[in-house]
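J.: Here it is: the structure, laid out below.
The values are calculated or read from the model by the stated rules, or taken from the named source; none is laboratory data. Note that the structure is a prediction, hence the values are computed from the model and not measured. No Cβ is skipped: glycine too gets one built from the backbone with ideal geometry, and neighbour counts run over all protein chains shown.
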Amino acid sequence: MIALLFLSLSAFNPPLPDSAQANTASTEQILPHVRQCSPSLSLRSQALNSEQENAICSQLGQIEAHFFKVFGQSNQAPNPVAHDHNQSLRANIYKDKQSFMHYAGEHFHMPTNNGGMYLEGAPDQAGNQAEFIAYQRDNGEVHNLGHEYLHYLDGRYNLYGDFCANLHDSHAPPENCPRPEPEPPYLVWWTEGIAEYLSHPNGHPATQNLAQQNTYRLSELFYTGYEKNNDSTRIYSWGYLATRFMMEKHRDAIEQMLVFTRVGDYPRYQALVRSWDKKWDVEFELWRVSLSL
């Protein structure tokens, strides 16, 4: 399912025993508050009030409009990839982390040792419902909200197929991808990087010090995985830096890349990325150290 938005790198929580399952309240009972933000977004929550719902609808509406401006034409939405029936995303929001950890595993058959997940499902099947599962922090904000919504948009408009069809090295639940792990380069740098880049349109101050460090060459970041060549900083923060550099300095190369990913021609995507090799490594380094975030 196209993007495990906040992929867990640790062990899967085992399923609840039958007796516990029988006593678990239904999703509708625990998340009774429903709000339709737009044709492409609905909320289902445990404790959001109307003011919080309005703020979330507004925030994600702005993110969607920005995404369409970046990838569409004349500010119109780009065309969805072929065979994608995920016409809307449903955000399921628990009132706190404790409730998320107690209920989400049973409600969505997913691990809960993470900050929330985006489950694309099977977008080629009519009636499939894309789900985002998250929780409110102590201050009431929803953890990873913008990042996860961008996974949905990127999957619908830029990446053909479900999560298992895309290039990564994860066989973790709930997808349990049955296909053999492909050879790198993967798409992890892009999927996590574009979600970070577009969810921080005014800059990403948290990467200020990181950008001054010569930890990775750009050519290395194209080989970032979820299980190999990984860690959260490399996946998310360095993914942000790599994606921002490519979007702002080599947009023509990104457009060429998207021609392949939008039709699922991932072998040609990999050949293209291999052809980039190290030709932008020096430019990336100079850009990083001069970056004002």
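J.: Take the residues in region 117-140 that are part of a strand (DSSP E or B) and of a type in the set (A, V, I, L, M), then tell me which one is modelled with the lowest pLDDT.
T.: Residues of region 117-140 that are part of a strand (DSSP E or B), as a first pass: 117-119, 130-136.
From the residues that got through so far, the ones that are of a type in the set (A, V, I, L, M) too are 117, 119, 130, 133-134.
On the way: Met117: 90, Leu119: 93, Ala130: 94, Ile133: 95, Ala134: 94.
Only one residue fits best here, namely Met117.
The rows are residues; the columns are (1) among the charged types (D, E, K, R); (2) out of contact with any Phe, Trp or Tyr (no Cβ under 6 Å at 6 or more places or on another chain).
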{"residue": "Ala130", "(1), (2)": "no, no"}
{"residue": "Arg156", "(1), (2)": "yes, yes"}
{"residue": "Gly161", "(1), (2)": "no, yes"}
{"residue": "Pro180", "(1), (2)": "no, yes"}
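J.: Here are the criteria: (1) surrounded by fewer than 19 Cβ atoms within 10 Å (Cβ to Cβ); (2) closer than 28 Å to Ile30 by Cα; (3) within 18 Å of the chain's Cα centre (by Cα). Tell me which single one Ile93 does not satisfy.
T.: (1)
J.: Of the residues in region 144-169, how many are in contact with a Ser or Thr (Cβ under 7 Å, 6 or more places away or on another chain) and in a loop (DSSP other than H, G, I, E, B)?
T.: So the count comes out to 3.
J.: Something else now. List the helices (runs of 4 or more DSSP H) that sit entirely inside region 170-276 and contain at least 1 residues that are outside the structural domain of Met110 (by TED's automatic domain parsing) and basic (Lys, Arg).
T.: Correct list: 239-249, 251-261, 266-276.
J.: Against the definition (under 26 Å from Asn114 (Cβ atoms) and either in a strand (DSSP E or B) or in contact with a Cys (Cβ under 7 Å, 6 or more places away or on another chain) (or both)), how does Ala91 come out, yes or no?
T.: On the way: under 26 Å from Asn114 (Cβ atoms): yes; either in a strand (DSSP E or B) or in contact with a Cys (Cβ under 7 Å, 6 or more places away or on another chain) (or both): yes.
So Ala91 fits the description; yes.
J.: Same structure, new question: Determine if region 132-142 includes at least one residue that is under 24 Å from Val273 (Cβ atoms) and either of a type in the set (Gly, Ala, Ser) or not assigned by TED's automatic domain parsing to the domain that holds Trp276 (or both).
T.: No: zero hits.
J.: Now for a separate question. Looking at this structure, is Phe67 farther than 21 Å from Ala172 by Cα, within 16 Å of the chain's Cα centre (by Cα) and not β-branched (Val, Ile, Thr)?
T.: Yes: the conditions hold for Phe67.
J.: Still on this structure, I have one more. Quick check on this structure: which one of Arg156, Arg137, Arg217, Arg179 is surrounded by 21 or more Cβ atoms within 10 Å (Cβ to Cβ) and among the basic types (Lys, Arg)?
T.: On the way: Arg137 fails: surrounded by 21 or more Cβ atoms within 10 Å (Cβ to Cβ); Arg217 fails: surrounded by 21 or more Cβ atoms within 10 Å (Cβ to Cβ); Arg179 fails: surrounded by 21 or more Cβ atoms within 10 Å (Cβ to Cβ).
Sole residue among the options that is surrounded by 21 or more Cβ atoms within 10 Å (Cβ to Cβ) and among the basic types (Lys, Arg): Arg156.
J.: While we're on this one: Tell me whether region 201-209 contains one or more residues that are within 22 Å of the chain's Cα centre (by Cα), surrounded by 16 or more Cβ atoms within 10 Å (Cβ to Cβ) and closer than 23 Å to Cys177 by Cα.
T.: No; the residues of region 201-209 include none that is within 22 Å of the chain's Cα centre (by Cα), surrounded by 16 or more Cβ atoms within 10 Å (Cβ to Cβ) and closer than 23 Å to Cys177 by Cα.
J.: Just the residues that are modelled with pLDDT of 95 or more and surrounded by fewer than 18 Cβ atoms within 10 Å (Cβ to Cβ), please, taken from region 39-52.
T.: Listed by number, the residues that qualify are Ser42, Ala47, Asn49, Ser50, Glu51.
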